[in-house]
Ligand code: EPU
């Protein structure tokens, strides 16, 4: 198992290009199952989760190639096996995204039920309930969701709870359903809108993605073409928080500032000087950050995927703050690791109360999930001494070339030479 060793209190300055969005690329790759002609997906990030999605699609019969710029060319999306096995789904919950498109195109899908994970129980009841309302016959046998439908039929559907991948699954299924589907209480995240833009470019008829109500007029098949994935707003937010913590000055290029409005407001409150253009963000910070209280929320609110990084920032900020997590019930595993580095944080159910300390101290810590690992890297970069982060495979799931990017900005990070790549 690999680990990272980070030397603390470095300067962070320079320019960095934001990668394509993980959470947009995954549903778009799954959606290629619906396409009857070759597809090229551009700006796919170089990540373990993308490799897992491609293994899943390849395992089911899809043929594709990847060029040196990481464009994925789907040559033939025809499947000859309609099953997402436990071994792949347990590595990545987003594998459940193949359920909707497989069912819509082939009338059958067998997908392992994703279990709980480090950040919560994360059920998929809403995905299944709405697929049933589109006419699917669904049962769970031996840990597998088995879904069948001769032809899905459009309907007016309402999610009990906003769910990102749930909305994406239903959106993909409804593209090939007979007649019109209306999804109410849909997730509004930019990644959902990006998926809809991709599907529309391939011939789907979707309106309203990015709002709470999405209308889909079913079509008989989708075609092919080229599409570029949106920039990763969580990677961008993580890099901006690094610069705030390290009192640095950075420019992000190839990003989408409009996807980060609330995040940029929070960082301004913390004391950062921020300028934005159409596709770039410049941030500079000269003093210790001010502590800021925040509550995670669905888009356009502060994303839960930046909660851990904001807690790391508040841990070294001037003052006391509260960070409330409203999306996942158990997304505070990073807190006990930050305590080992000298942070002063108490947890009261879903609220972390943070008293900023002047500096953290390097320690041996353990990554528990993707965003928690990012928070520990941020903390390590601003801590006195050296920090060793174990179980670093989590970070490789969702951040493309993170060490390279941070080292280019001035960080000192070394990966242990271990050649084993752990994926659980
Ligand atoms: N929920 C249900 N039933 C469902 C579906 C969701 O109760 O059928 C609950 C969840 O347990 C959670 C809430 O609804 O409490 C929202 O979960 P959502 O379904 O929106 O999350 P997700 O689709 O599983 C995606 C991202 C996550 C991100 C969340 C929230 C992908 C592949 N994953 O997950 O990303 O945190 O939305 O924005 O898009 C990450 O990248 O680190 C990550 C975890």
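Results, tabulated for the structure shown:
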{"quantity": "Residue check, residue 25 in contact with a helix residue (DSSP H, G or I) (Cβ under 7 Å, 6 or more places away or on another chain), under 30 Å from residue 413 (Cβ atoms) and surrounded by 22 or more Cβ atoms within 10 Å (Cβ to Cβ)", "calculated": "yes"}
{"quantity": "Residue 21 vs. criteria under 30 Å from residue 240 (Cβ atoms) and either in contact (Cβ under 8 Å) with a residue 24 or more places away in the chain or touching a strand residue (DSSP E or B) at 6+ places or on another chain (Cβ under 8 Å) (or both)", "calculated": "yes"}
{"quantity": "Residue tally, condition within 16 Å of the ligand (Cβ to nearest atom), outside any loop (DSSP other than H, G, I, E, B) and touching a helix residue (DSSP H, G or I) at 6+ places or on another chain (Cβ under 8 Å), over segment 141-176", "calculated": "13"}
{"quantity": "Failed item in (1) loosely packed, with under 15 Cβ neighbours inside 10 Å; (2) free of Cβ contacts under 8 Å to residues at least 40 places away in the same chain, with residue 159 passing the rest", "calculated": "(1)"}
{"quantity": "Matching residues in segment 261-292 - criterion: being more than 19 Å from residue 12 (Cβ to Cβ) and part of a loop (DSSP other than H, G, I, E, B)", "calculated": "277, 278, 279, 291, 292"}
{"quantity": "Where residue 46 falls short, out of the listed (1) over 16 Å from the mean Cα position of the chain (by Cα); (2) closer than 30 Å to residue 249 by Cα; (3) surrounded by fewer than 17 Cβ atoms within 10 Å (Cβ to Cβ)", "calculated": "(1)"}
{"quantity": "Residue ID - surrounded by the fewest Cβ atoms within 10 Å (Cβ to Cβ), chosen from residues in segment 229-260 that are within 17 Å of the chain's Cα centre (by Cα) and outside any helix (DSSP H, G or I)", "calculated": "256"}
{"quantity": "Which numbered condition residue 90 fails, given (1) touching a helix residue (DSSP H, G or I) at 6+ places or on another chain (Cβ under 7 Å); (2) within 16 Å of the ligand (Cβ to nearest atom)", "calculated": "(1)"}
{"quantity": "Subset tally (residues that are near the ligand (Cβ under 10 Å from one of its atoms), modelled with pLDDT of 95 or more and buried (at least 19 other Cβ atoms within 10 Å of the Cβ)) for segment 104-140", "calculated": "4"}
{"quantity": "Positions within segment 193-216 being touching a residue at least 60 places away in the same chain (Cβ under 8 Å) and outside any loop (DSSP other than H, G, I, E, B), in sequence order", "calculated": "194, 195, 198, 199, 216"}
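The values are calculated or read from the model by the stated rules, or taken from the named source; none is laboratory data. Everything numeric in this text was worked out from a predicted model, so none of it was measured. Methodologically, a virtual Cβ is constructed for each residue, glycine included, from the backbone with ideal geometry; neighbour enumeration extends over all protein chains shown.
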